[in-house]
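Asker: Here it is: the structure, laid out below.
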Amino acid sequence: MSGNTYTFPRSAFVGFDHLFNELNRVSLREDTYPPHNIVFIDDDNFLVEIAVAGFSKENLDIQLKDSVLTVSGEMEDDRVYNHKGISTRKFTRTFTLSEYVQVKGADLKNGILSIPLTKVVPESERPKKIEIGSTFIQD
């Protein structure tokens with residue numbers, strides 16, 4: 001693939017093309033609107049904060065599909081401005097979520113859209129302690 005910005009040998013990783021393509025796509029993205037934070041709360045909890053001053057909840061759409069969280073906003077503003085410093089342009093911002101990450105809801109307060117995320121690993125996927133001497137296998 002041309003345009004690869006990573007220096008590690010891609011041939012050493014089999015079946016990860018989708019991951020490399022996503023990393024390349026994200027690294028080449030220049031649009032930073034609207035500004036956002038990803039707040040680390042603890043190992044299993046995060047908070048996505050997106051600055052959406054001027055938008056109401058009716059102007060915003062949040063969707064989750066195939067582990068991709070998509071936040072979009074659009075509003076009409078027919079006013080005529082002498083100066084416009086608060087952007088209310090149409091946007092779409094996507095976040096690719098890790099396996100087992102769940103969206104817990106969303107809240108809009110003081111121009112900040114907050115989306116809490118929680119990592120919920122199923123019991124069957126959690127590490128298990130194996131006791132020594134619990135099973136004896138004979139040849």
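Read-outs throughout are calculated quantities, based only on the coordinates presented, and are distinct from any laboratory measurement. Here the structure is a predicted model, which means the values were calculated and not measured. Neighbour counts are summed over all protein chains in view; Cβ atoms, including those assigned to glycine, are modelled from backbone coordinates with ideal geometry.
Asker: So if each residue of separation counts as 0.36 nm, and I subtract the Cα-Cα distance between Thr32 and Tyr81, what length gain in nm does that give?
Answerer: Values: separation 49, 0.36 × 49 = 17.64 nm, distance 2.38 nm.
Gain in length upon complete extension: 15.3 nm.
Asker: How fast does the stretch 44-139 diffuse by Stokes-Einstein, in µm²/s, taking the Kirkwood radius from C-alpha pairs at 20 °C and 1.002 mPa s?
Answerer: Values: Rh = 16.8 Å.
The estimated diffusion coefficient comes to 128 µm²/s.
Asker: Tally Lys/Arg at +1 and Asp/Glu at -1 over every other residue whose Cβ is under 13 Å from the Cβ of Ile112; what's the total? Please list the in-between numbers first.
Answerer: On the way: positive: Lys57, Lys109; negative: Glu49, Asp107.
Taking every other residue near Ile112 into account, the sum is 0.
Asker: So which GluC sites (Glu not before Pro) in the stretch 25-95 end up in coil per DSSP with only 10 or fewer other C-beta atoms within 10 Å?
Answerer: On the way: sites: Glu30, Glu49, Glu58, Glu74, Glu76; in loops: Glu30, Glu74, Glu76.
Those satisfying the criteria are Glu30, Glu76.
Asker: Another one. Defining a contact as two alpha carbons under 8 Å apart and six or more residues distant in sequence, what relative contact order in percent does the stretch 34-122 show? Spell out each step's value before the answer.
Answerer: Values: 160 pairs, mean separation 28.9, N = 89.
The value is 32 percent.
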